[in-house]
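Engineer: Next up is a structure, given as structure tokens.
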Protein chains: 2
Amino acid sequence: MVKLVAIYRKPEDVEAFDKHYFEVHAPLAEKMPGLIKMEVSKIVGSPAGESDLHLMAEMYFESKEAMMEALSSPEGRASGKDLRGFAGQVVSMHFAEVV
Amino acid sequence: MVKLVAIYRKPEDVEAFDKHYFEVHAPLAEKMPGLIKMEVSKIVGSPAGESDLHLMAEMYFESKEAMMEALSSPEGRASGKDLRGFAGQVVSMHFAEVV
């Protein structure tokens, strides 16, 4: 099992970010073909106090090939375009293999 | 459901890090009381090419209270002490609420 991990640092306007994320972006990401599960988590703190992160999204796929196909599909490209528009400054994306 | 998320940036000595992580640290973390599930993922890249991250560990608990109790338990303190020793320079920890 592999996952695409999106890590979002705290945005300037949290309210506007959350509205776009939950009403527009997450529904787009969920349309990617081959997506098995999507887990979204709100970062609420850290052992040291405040965290510099805001949100994390993990999108699970059967294999790296399936993940790559999803990203290059029309749905994946639409999701990527939306992401760059509203979160390009605060997001980092990573490919991960679940051990 | 909440989770404790440990994000590890690339260590200088990957081999030594992995050996300690999988043979010593993960078994210690898994002993924390109240731990429901632990998911460890290796970061293998990013859409932009290489990722600055190496590993991610997610430890799931029933509630924030259960997570805090786990961290302050003898097992949680032993795990934290070990973490600071081998990964203090490369790890960041975050509390997250699964949406």
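Derivation of every value follows stated rules applied to the coordinates shown; laboratory data play no part. In this text the structure is predicted, and so the values were computed from the model without any measurement. Positions of Cβ are generated from backbone atoms using ideal geometry, with glycine treated the same way; all protein chains shown enter the neighbour counts.
Engineer: So how much slack lies between residue B:23 and residue B:42, counting 0.36 nm per residue of separation and subtracting their Cα-Cα distance, in nm? Mind showing how you got there, number by number?
Structural biologist: On the way: separation 19, 0.36 × 19 = 6.84 nm, distance 1.54 nm.
Here the segment from residue B:23 to residue B:42 would lengthen by 5.3 nm.
Engineer: If you don't mind, another one. Where a ≥ b ≥ c are the square roots of the eigenvalues of the C-alpha gyration tensor, would you call the protein assembly as shown rounded, which needs a/c under 1.5, or, failing that, prolate if a/b is larger than b/c, or oblate? Before the final figure, lay out each step's value.
Structural biologist: On the way: a/c = 1.87, a/b = 1.47, b/c = 1.27.
It is prolate, given that a/c is not under 1.5 and a/b is the larger ratio.
Engineer: Where the centroid of each part is defined by its Cα atoms, how far is the range B:12-54 from the range A:59-74 in Å?
Structural biologist: A separation of 23 Å, based on Cα centres.
Engineer: Can you tell me the orientation of helix A:74-87 relative to chain A, as the angle in degrees between its alpha-carbon axis and the longest Cα principal axis, to the nearest 10?
Structural biologist: 10 degrees
Engineer: Let me ask you something else. How much net charge surrounds residue B:13 when only the other residues with a Cβ under 15 Å from the Cβ of residue B:13 are counted, with Lys and Arg +1 and Asp and Glu -1? Present the calculation step by step, with values, prior to reporting the outcome.
Structural biologist: On the way: positive: B:9, B:10, B:19; negative: B:12, B:15, B:18, B:23.
Once positives and negatives cancel, what remains is -1.
Engineer: Hey, another quick one. Sum up the charges of everything whose Cβ sits under 11 Å from the Cβ of residue A:64, counting Lys and Arg as +1 and Asp and Glu as -1, but leave residue A:64 out.
Structural biologist: Details: positive: A:3; negative: A:62, A:65, A:69, A:97.
Cβ neighbours under 11 Å give a net charge of -3.
Engineer: Among all lysine pairs in chain A that are eight or more places apart or on different chains, how many have alpha carbons less than 22 angstrom apart?
Structural biologist: 18
Engineer: Further question: Taking the Cα centre as origin and putting +1 on Lys and Arg beta-carbons and -1 on Asp and Glu beta-carbons, what dipole magnitude results for the protein assembly as shown, to the nearest 20 debye?
Structural biologist: Values: 22 positive and 32 negative charges, 20 e Å.
So the dipole magnitude of the protein assembly as shown works out to roughly 100 debye.
Engineer: What does the charge add up to near residue B:89, with Lys and Arg as +1, Asp and Glu as -1, over the other residues with Cβ less than 13 Å from its Cβ?
Structural biologist: +1
Engineer: Right, next: Cα gyration tensor of chain B, axes a ≥ b ≥ c as square roots of the eigenvalues: rounded (a/c below 1.5), prolate (a/b > b/c) or oblate?
Structural biologist: Here chain B falls in the oblate category.
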